[in-house]
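Notes follow once the structure below has been shown.
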Amino acid sequence: MAKVIMLIAALIFSGQLQAEILVIVNAQNSVSALEKKQVMDLFMGRASAFPNGQSAETLDLKTGTPLRAHFYKILTGKNEAQVDAYWATLIFAGRMSPPKQLVDEQTLIAEVARNTEAIAYVTRQALPKNVKIVTELPSHE
Amino acid sequence: MNIQSLHIKVSLSVAAAALFVVLLSSQFFYQRSYEKSFADSERSVQQLLETVQATAAIAAYVGNRELAQQVVTGLTQNDIVVGAKIVANKEIIGQHGRTNADAKQQLISISLNAPFDEKEKVGELAVVPNFPLIALRARDSAMATAIGLAAQAAVVALLVLILVYWMMTRPLSYLSGRLHRITPGDGNRLDVAGVHRGDEIGLLAGDINALLHTVETMLEEERQLRHRVELLETRFRGIFEDSSAGIFLVRERGTLVTANPAFFHLTGLTEIPQSATGDDNIIARVFLDHEQASSLIKLSLISKRPHSADLRIRTEQDNQVRWVHCIFSPAGNTQQGATVEGVMYDVTQRKYSEERIRELAEKDSLTGLSNRQAAESALEELIQQAPVGGKEFAVMLIDLDRFKTINDTYGHDAGDKVLVTIAARLRKLVRDSDVVARLGGDEFLLILNHAGKIDTIKRIAQKILDAQQAPIEIQPGVLEKIGMSIGIALYPEHGDNALSVRKHADQAMYIVKRQGKNNYAFYDPSDNDLPLTANN
C-alpha cells in the first residue's frame with residue numbers, strides 16, 4: 001500500500017522534472033547512438049557489450065528511486081517489482097548479476113564520466129562534457 | 001423339468017443380455033476413457049510447459065544456460081516428461097533427459113517470447129512426453145472405468161435376475177408346480193400370495209381356478225350324463241338281450257352287424273363273433289324267402305319307413321318250416337353304409353292255426369274238397385282276375401243220379417262212401433289247378449281253369465261220365481254204379497258274372513236230369529223256359 005502511494009506521488013512529482021530520460025555513456029565511447037531495444041538488451045542482461053563489441057557495464061539507481069521505476073517502465077513496460085523479480089530469477093540461476101546500483105544521478109554521471117564502459121540513465125539536465133547522450137527516451141510510451 | 005428350465009432360461013437370457021451390454025459399453029467407455037485420459041495427460045504436459053514458460057523465456061532471452069538447465073531439469077522431474085530442451089538463437093541452451101531422437105516421439109513445444117516484448121520470439125521450449133507412461137495410465141484409467149461399469153452392469157443384472165426370479169419365476173414355478181399336482185375334479189385350487197393379488201400372476205391363478213371350476217362342473221355333468229346313459233344302456237341292453245323277438249342289424253347288402261340271442265335262437269345259427277361276420281350274407285342264410293327279405297330291406301331304405309311281412313326261415317336242427325313276422329326299419333347310416341334294423345318273432349304256430357282255420361272254413365269235411373263258400377269265392381276271384389275277353393273257363397255243375405235212393409236203402413254211411421269215392425275220382429280227373437268243390441248233398445261244382453275249347457270240355461265231361469262206370473262197393477259185397485248229370489256253362493260265353501254262369505250251368509244240368517240222366521249238356525240259351533229255382 002505504501003509503495004503504491006509512493007509510486008503515485010512519484011509520478012505526480014516527476015511530471016515536469018522527469019520529462020525525458022537520457023541514456024548516457026562515456027564521451028570516449030565509440031558508440032554514438034543506441035536503439036531503445038539495444039538499451040533494453042544491455043540493461044536486462046541480454047547483452048554484455050555494445051553493438052560494436054565493446055564491453056558494457058550498466059549502472060542503475062537504487063531500488064525505490066522514482067526515476068528508476070520510470071526508466072524501466074518506459075524501457076520494458078514492466079514495473080519495478082517485475083524487473084526486480086526478473087533479476088531475482090536470473091540471480092538465482094547464477095552467473096548473472098543485475099546492473100550495479102548507485103545512490104543518485106550525480107553519482108551515476110560521475111561514474112559514467114570516469115568509466116569508459118559505463119552506461120546509465122539520468123533525467124534531462126546539463127551534463128559534463130566527458131559524458132554523451134546515446135538515447136533519449138520519451139517520457140511517454 | 002420345465003419348472004427348472006424357465007428359471008434357467010430367464011437366467012441365461014439376463015446373463016447374456018448383461019454380458020452383451022457390458023461388453024459393448026465397456027468397449028465404448030474404455031475407448032472414451034482412454035482418449036480422455038490421454039488428452040488429459042497431454043494437457044497436463046501443456047500446462048506444465050506454460051508453468052515454466054516465463055522462466056524459460058527469461059533464460060532464452062538472456063541466453064542463460066544455468067536458468068535454462070534449471071527449467072529443463074525441473075520439467076523432467078515430472079514423470080510424464082522424459083526429456084526437455086530450451087532452444088534460443090538456434091542453439092540448445094538447456095537440455096535434460098532423453099531427446100526426441102532417442103525417444104522417437106513427437107515433441108510438445110511452446111515458443112518463448114521476450115519477457116519485455118511479446119512480439120519477439122526468443123526461443124522454444126520443447127519436451128518429450130512420457131507417452132508410454134501416459135498410455136499406461138490412460139489404459140489403467142480406462143480399464144478401471146470399464147471394470148467398474150462391468151461390475152455395475154453385473155450387479156444390476158444380478159439384481160434383475162433375483163427380482164425376476166423372486167417376483168415372477170418363483171411364483172410362476174410355484175403355480176405351475178401346484179397346477180401340475182392338481183387333477184381336475186379333486187376340488188383343489190391354486191392359492192396365491194397376497195403380494196400377487198392384484199397383478200398378472202394373481203389374475204392367472206384366478207383364471208386357472210375359474211377354469212378348474214368350469215372343468216370340474218363339466219366333468220360332473222359328464223359323469224352324471226354317462227351314468228344316465230349307462231342306466232339307459234343297461235335297460236335297452238336288457239330289452240335287447242332278453243327280448244323273445246329276434247333283433248338284428250344288417251347292412252344294405254345283408255351282412256350282419258349285430259344281433260341278440262333271440263335272433264340266434266330263432267334262426268338256429270351259432271353266435272358268431274362280430275369280426276367274423278364279414279361279407280357273409282346273413283339274409284340269404286336265414287330266410288327261405290330271401291329275395292323277398294332283400295327287397296323289403298331295400299324298400300325300407302328307399303321309403304325310409306318300416307316294412308313287414310311273414311317270411312319263412314331255414315332252421316338247421318329240424319327241417320320243419322318256421323314262419324316269422326319280420327319288420328325291417330331303416331336304422332341310420334354308419335361308415336360302412338346304410339343299416340337296417342330287423343325285428344322278427346316266431347309266428348309258426350299262428351300260421352299253422354290260420355291254415356287250419358282256413359282249411360276248416362274252405363274244405364268240405366267229408367270229402368276234403370272245397371266247400372260251397374270256397375267254390376263261390378274261387379269263382380268270384382277267377383272272374384275278377386280274368387276280365388271279359390281275357391281268360392276263358394268252364395263251370396260244371398254235377399248232380400248224382402239215384403243218390404237219395406242209395407242213401408235211403410243203405411244208410412248214410414253208404415251215401416258218404418259214395419260221395420267220398422266220387423270226390424276222389426273227380427279230383428283225379430282234373431288238373432290240380434282246377435277247382436273241385438262239393439256244394440252240399442250230392443251236388444258238385446268243377447271250375448276248369450284252362451279249358452276254353454268246347455271239345456276239350458266235352459272230352460273231360462265224357463271222361464268223368466266214363467269213370468262212373470266202375471261200381472262202388474258201398475257195403476261189403478254190395479256194388480253199385482252211380483250215374484251223374486253234368487250241366488256246363490262257359491265263361492264268358494254263357495254269363496259274365498258268377499251268379500249267371502252258375503245259374504246257366506244249373507239249367508243245363510236240369511235239362512240232363514229231365515232228358516234221362518247220366519249225361520252232360522252245355523247251356524243252351526233257347527231252353528230258357530224253365531224256372532231257375534226248379535233244381536234248388
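Here is a check on your reading of the model: is B:G483 out of contact with any Asp or Glu (no Cβ under 7 Å at 6 or more places or on another chain) and within 19 Å of B:D399 (Cβ to Cβ)? Quick ask: steps written out before the conclusion?
Numbers: out of contact with any Asp or Glu (no Cβ under 7 Å at 6 or more places or on another chain): no; within 19 Å of B:D399 (Cβ to Cβ): yes.
So B:G483 does not fit the description; no.
The residues on offer are B:L448, B:L479, B:L465, B:L490, and the sole one that is over 29 Å from B:Q384 (Cα atoms) and open to solvent by less than 40 Å² (accessible area, probe 1.4 Å) is B:L465. When the residues of the stretch A:65-97 are filtered to those that are open to solvent by 40 Å² or more (accessible area, probe 1.4 Å), more than 11 Å from chain B (Cβ to nearest Cβ) and part of a loop (DSSP other than H, G, I, E, B), the one that is farthest from B:E118 (Cα to Cα) is A:S97. From the list B:L172, B:L125, the lone residue that is modelled with pLDDT of 80 or more and farther than 30 Å from B:A57 by Cβ is B:L172.
Here the stretch B:521-536 is the region considered, the condition is being open to solvent by 50 Å² or more (accessible area, probe 1.4 Å) and outside any loop (DSSP other than H, G, I, E, B), and the residue that is modelled with the lowest pLDDT is B:T533. The residue that is farthest from B:K90 (Cα to Cα), counting only those in the stretch B:117-160 that are open to solvent by 30 Å² or more (accessible area, probe 1.4 Å) and in contact with a helix residue (DSSP H, G or I) (Cβ under 6 Å, 6 or more places away or on another chain), is B:V160.
Within the stretch B:113-135, can you find the residues that are within 14 Å of chain A (Cβ to nearest Cβ) and in contact with a Leu (Cβ under 6 Å, 6 or more places away or on another chain)? Matches in the stretch B:113-135: B:V122, B:G123. Residues that are open to solvent by 40 Å² or more (accessible area, probe 1.4 Å) and on the phi > 0 side of the Ramachandran plot were ranked within the stretch B:62-113; the one that is nearest to the chain's Cα centre (by Cα) is B:K104. Exactly one residue among B:Q320, B:Q373, B:Q335, B:Q349 is under 30 Å from B:E443 (Cα atoms) and surrounded by fewer than 17 Cβ atoms within 10 Å (Cβ to Cβ), and that residue is B:Q373.
Would you check if B:T55 is within 14 Å of chain A (Cβ to nearest Cβ) and surrounded by fewer than 21 Cβ atoms within 10 Å (Cβ to Cβ)? Let's see the steps before the verdict.
Numbers: within 14 Å of chain A (Cβ to nearest Cβ): yes; surrounded by fewer than 21 Cβ atoms within 10 Å (Cβ to Cβ): no.
It is false that B:T55 is within 14 Å of chain A (Cβ to nearest Cβ) and surrounded by fewer than 21 Cβ atoms within 10 Å (Cβ to Cβ).
Of the listed requirements (1) at pLDDT 80 or above; (2) closer than 23 Å to B:H7 by Cα, B:V229 misses just one: (2). Of the residues making up the stretch A:28-55, those that are away from every other protein chain (no Cβ under 14 Å), surrounded by 15 or more Cβ atoms within 10 Å (Cβ to Cβ) and closer than 19 Å to A:E111 by Cα are A:N29, A:V31, A:F50.
Counting only residues that are in a helix (DSSP H, G or I) and touching a helix residue (DSSP H, G or I) at 6+ places or on another chain (Cβ under 6 Å), which one in the stretch B:376-405 is most open to solvent (accessible area, probe 1.4 Å)? Please lay out each step first, then the result.
Here is the first cut: in the stretch B:376-405, the ones in a helix (DSSP H, G or I) are B:376-385, B:403-405.
Subsequent filtering for residues that are touching a helix residue (DSSP H, G or I) at 6+ places or on another chain (Cβ under 6 Å) retains B:379-380, B:383.
Working: B:L379: 5, B:E380: 95, B:I383: 26 Å².
Applying the filter and picking the extreme gives B:E380.
The values are calculated or read from the model by the stated rules, or taken from the named source; none is laboratory data. Predicted model, so just to flag it, every value in this text is computed and none were measured. When we count neighbours, we look across all protein chains shown, and the Cβ atoms used for this are built from the backbone with ideal geometry, even at glycine. For accessibility, only protein heavy atoms count, side chains too; no ligands or nucleic acids. Shrake-Rupley method; radii C 1.70, N 1.55, O 1.52, S 1.80 Å.
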